[in-house]
Amino acid sequence: MKFNNIHVTIGENVTLGKNVKIGDNSIIYDNVQIGDNTIISNDCVIGEPLSSYYYDENYINPPTIIGSDSLIRSHCIFYAGSEFGDFLVTGHRITVHEKTIAGHHCMFGSYTSVHGFCKIGNYNRFHSYVSIGMLSECGDFVFIYPFVVLTNDPTPPSNKLIGVKVGDYSQITTSAILLPGCEIGKHSLVSANSTVNGKFPDDSFISGAPAKFIGKLSKMPFFNTENKKHYPWPKNFKRGMPWECIDLSEEKFSSQKNDM
Amino acid sequence: MKFNNIHVTIGENVTLGKNVKIGDNSIIYDNVQIGDNTIISNDCVIGEPLSSYYYDENYINPPTIIGSDSLIRSHCIFYAGSEFGDFLVTGHRITVHEKTIAGHHCMFGSYTSVHGFCKIGNYNRFHSYVSIGMLSECGDFVFIYPFVVLTNDPTPPSNKLIGVKVGDYSQITTSAILLPGCEIGKHSLVSANSTVNGKFPDDSFISGAPAKFIGKLSKMPFFNTENKKHYPWPKNFKRGMPWECIDLSEEKFSSQKNDM
Amino acid sequence: MKFNNIHVTIGENVTLGKNVKIGDNSIIYDNVQIGDNTIISNDCVIGEPLSSYYYDENYINPPTIIGSDSLIRSHCIFYAGSEFGDFLVTGHRITVHEKTIAGHHCMFGSYTSVHGFCKIGNYNRFHSYVSIGMLSECGDFVFIYPFVVLTNDPTPPSNKLIGVKVGDYSQITTSAILLPGCEIGKHSLVSANSTVNGKFPDDSFISGAPAKFIGKLSKMPFFNTENKKHYPWPKNFKRGMPWECIDLSEEKFSSQKNDM
């Protein structure tokens, strides 16, 4: 019942690919491009106008690109001026601000926000209530868990912000805080509730408040529920990952079962 | 002005009890059953379809049950396949995923989400911004405060999740994290910002990151604003609780004043 | 496309100033007053009725005042019975409960909630996901960052709550928790992830869990990106502040760039 074409508003210069579905009460603002087979569920806003829209009569909405084969669940707001690769999946009520460039196969859980001017790689999974501060950069296969904040202001309030960088395959777990300028290497894990400052090499296990390098993650005795040493995790986790041969048409929508 | 029957959509095989009110712009999907006297405020979704809805033409919505005498405030999303007892009260914009079984007299504050496959007892109160991970189990009279996470993934990302258990009457306070497999006994209290791993007996006061058993909660010098030893709290707190003789028709909607 | 006068609902005894714009699907309940030049974007609720609305046939909505020159972004809910000064700017989906008195030039980021019975001064900036508990009091120029909680319940669950006080110019940074009755002086800074109890004098740098007074903030070696000692911050930060001569018509909407 989401797709009755009721109260759907489409702006000017909007390009919809083949087979695109737009849910009821959704608004697609000017200069938005949506790839083939993408589903925008109900009550979404794609291409939300920037601040100057409210007072500048000559406001022109910057272009927004949503890739193909994506599913944006209800009540999400995507500001104009961002670009998302194919196979994006979101939960409900996410907010993405302008100048965000994200790769393909990303998942963003409910209530998550990306504050703009961010670079996000491929296969990133941000769970619910993740706050990605402006100027953040995440590599590929970065997983971020609830109530994590990627900050950017070294001396609040500052005139100039410094973003955070997270390397490929790294896991930033529940309620961790990455302080401004913090850099996490590849294949690392930040433990829950850590407050992290500084730069950490690849394969780091990082824990504490303030957080310290505890040891090489691959050497830590972290065993999974199959009793195997878990890290580096790509050898043990395949769901939705490109190293698994799967039927993506099924996978893309069901794989976030425990991610949203 | 919430109940003008404007843009209310009701699916097939929906059973509405006596005296049920549905707010404007709300959607009740197929196979939802709502008990007598329940109010669904405006812009709610009850029975939100699961992922396969988007690609399976033969999708059938699992049954959803909302009890009687409940108040669901605006902009909430309840996925199909869950069951809630009578006297449920919610704040705004909560999200409840499938396979959640909750008892009666529960309250869920604004922005809270229950990620599904959870068992929730009677008289639970989850404040705002609570994240209840999949496979969580809460007893009766469990109170959970803002930014608490009940996690489930011991080695993120895992194939198999392990839920958290919280015993009757326990209080999980602000921003605490219960790590996967954690078990909190009855009549316990987890202090703010704690990171909790392992199993704790009844009547525990649990604090720290990593959290430790500090002592028996009933023996701790915690005095309330009436200068009485507060724990076990049921002897000192009655508002909305069944050991108080109150007019529930009044209480059910006003008692969450400091809970949302 | 936000202001087409589609599905705008205006209650009784509503006073709209000159030049007020109300976005589509927004509802203004009874007894709301909105100042000149204010923009209420789409899907907002101003004057949301209190609990007794649902069961009291004689319910009368308490008066709600929104000042002039304000911008309330989409999907916000303001309960009836609060009062906001001029030049308010909000993100999306904020929730403000009754009996909140806020000064002028405040900014509240997306997903933030103010739980009511609060006093908020002028030029406060609450970023996203801030939870301001009931009975909180903030001075002027108080900045609060994501996932901060101002709590109020000393022995959860209590019958009587004790609010938190934050002095002028103080900065409460990411994920800090201010415990019930906590008082932070003026020109202080609470570091990220701190759990703060007790009373702290002006010019405090407060850090840790449990948090301690580390030293006078003005004496700490905190240098900003211009390599200047940053605190007291008003000498170094002017954006949107009244000590800067700026064209407010531009500033008011663009200055929260890194605040939401």
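The values are calculated or read from the model by the stated rules, or taken from the named source; none is laboratory data. This one's a predicted model, so the numbers in the text were calculated from it and none came from an experiment. When we count neighbours, we look across all protein chains shown, and the Cβ atoms used for this are built from the backbone with ideal geometry, even at glycine. Quick note on the areas: whole protein, heavy atoms, side chains included, nothing else; ligands and nucleic acids left out. Shrake-Rupley method; radii C 1.70, N 1.55, O 1.52, S 1.80 Å.
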For this session: Using a cut-off of 10 Å between beta-carbons, work out the net charge of the residues near residue A:24 (Lys and Arg +1, Asp and Glu -1, residue A:24 not included).
Result: 0
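Shape verdict for segment A:9-258, please, from the Cα gyration tensor: rounded (a/c under 1.5), prolate (a/b greater than b/c) or oblate. Let's see the in-between values first.
Values: a/c = 2.59, a/b = 1.41, b/c = 1.84.
Oblate is the answer for segment A:9-258, as a/c is 1.5 or above yet b/c matches or exceeds a/b.
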For this session: Quote the accessible area belonging to residue A:8 in square angstrom, nearest 10, computed with a 1.4 Å probe and with ligands, DNA and RNA left uncounted.
Result: 40
Seminar exercise, completed: Expected vector for segment A:41-48, Karplus 3J(HN,Hα) from phi with 6.51, -1.76, 1.60 and θ = phi - 60°, integer Hz, x for Gly and Pro, equals 6, 6, 6, 9, 10, 10, x, 3
Seminar exercise, completed: Which residues qualify? For residue C:175, with a placed amide H closer than 5 Å and at least 5 residues away or on another chain, they are C:147, C:148, C:193
Problem set entry | Threshold 50 Å², segment A:159-183 residues less accessible with all protein chains present than alone (1.4 Å probe) | A:159, A:177
Exercise. Copy-to-copy spacing for residue B:56, label 7 Å out on the Cα-to-C-beta vector, in nm, shortest first?
Worked result: 4.8, 4.8
Seminar exercise, completed: In whole percent, the fraction of accessible protein surface over the protein assembly as shown that belongs to carbon or sulfur atoms, probe radius 1.4 Å, stands at 52
For this session: Would you mind finding the longest exposed-site-free stretch of chain C, with exposed GluC sites (Glu not before Pro) meaning DSSP loop and at most 12 other Cβ atoms within 10 Å?
Result: C:58-225
Exercise. What list of ³J(HN,Hα) couplings, whole Hz, do you get for segment A:10-22 from phi and the Karplus terms 6.51, -1.76, 1.60, once you set θ to phi - 60° and write x for glycine and proline?
Worked result: 10, x, 8, 6, 9, 10, 10, x, 5, 6, 6, 10, 10
For this session: Go ahead and estimate [θ] at 222 nm for chain A from helices alone: -39,500 (n - 2.57) per DSSP H run with n ≥ 4, summed, over the residue count, rounded to 500.
Result: -500 deg cm²/dmol
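So what is the relative contact order of segment C:105-209, in percent, for Cα pairs below 8 Å that sit 6 or more residues apart?
Working: 346 pairs, mean separation 19.4, N = 105.
Reported as a whole number, the value is 18 percent.
Would you mind computing Rg(Cα) / (2.2 N^0.38 Å) for segment B:173-212, counting N as its residues? Present the calculation step by step, with values, prior to reporting the outcome.
Details: Rg = 8.7 Å, N = 40, 2.2 N^0.38 = 8.9 Å.
The reported ratio for this selection is 0.97.
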Exercise. From the label point of residue A:212, set 7 Å along Cα to the beta carbon, how far off in nm is each other copy's matching point, shortest first?
Worked result: 1.6, 1.6
Problem set entry | Under 5 Å, built H, 5+ apart or other chain: amide partners of residue B:138 | B:119, B:120, B:121, B:166
Exercise. Chain pair C, A: how much accessible area is buried, both chains summed, with a 1.4 Å probe, in Å² to 100?
Worked result: 3600
Exercise. So who's got an amide H within less than 5 Å of the one on residue C:107, skipping anything under 5 residues away but keeping other chains? H placed 1.01 Å off N, in plane.
Worked result: C:89, C:124, C:125, C:126
Seminar exercise, completed: For residue B:218, the accessible surface traced by a 1.4 Å probe with all protein chains present amounts, in square angstrom to the nearest 10, to 30
Exercise. In segment C:191-230, which residues give up 20 Å² or more of accessible area once the other protein chains are added, compared with their chain alone (1.4 Å probe)?
Worked result: C:192, C:193, C:195, C:225, C:226, C:230
For this session: Only counting protein heavy atoms at a 1.4 Å probe, give the residues of segment C:59-96, ordered by number, whose accessible area falls by 50 Å² or more when the other protein chains are present relative to the chain alone.
Result: C:75, C:77, C:92, C:93
For this session: Give me the distance between the Cα centres of segment C:34-101 and segment A:135-169, rounded to whole Å.
Result: 33
Exercise. Averaged per residue, what accessible surface does chain B expose to a 1.4 Å probe, in Å²?
Worked result: 34
Seminar exercise, completed: Percent antiparallel among DSSP beta bridges confined to the protein assembly as shown, rounded to 5, stands at 10
Exercise. Can you list, shortest first in nanometers, how far residue C:6 lies from the same residue in the other copies, with each label 7 Å from Cα toward Cβ?
Worked result: 1.4, 1.4
Seminar exercise, completed: Taking every DSSP bridge whose two residues both lie in segment C:9-254, the antiparallel percent to the nearest 5 is 10
Seminar exercise, completed: As straight-line cross-link partners of residue C:21, the qualifying aspartates and glutamates (C-alpha separation under 16 Å, not fewer than 8 residues apart within one chain) are A:56, A:57, C:36, C:43, C:69, C:86
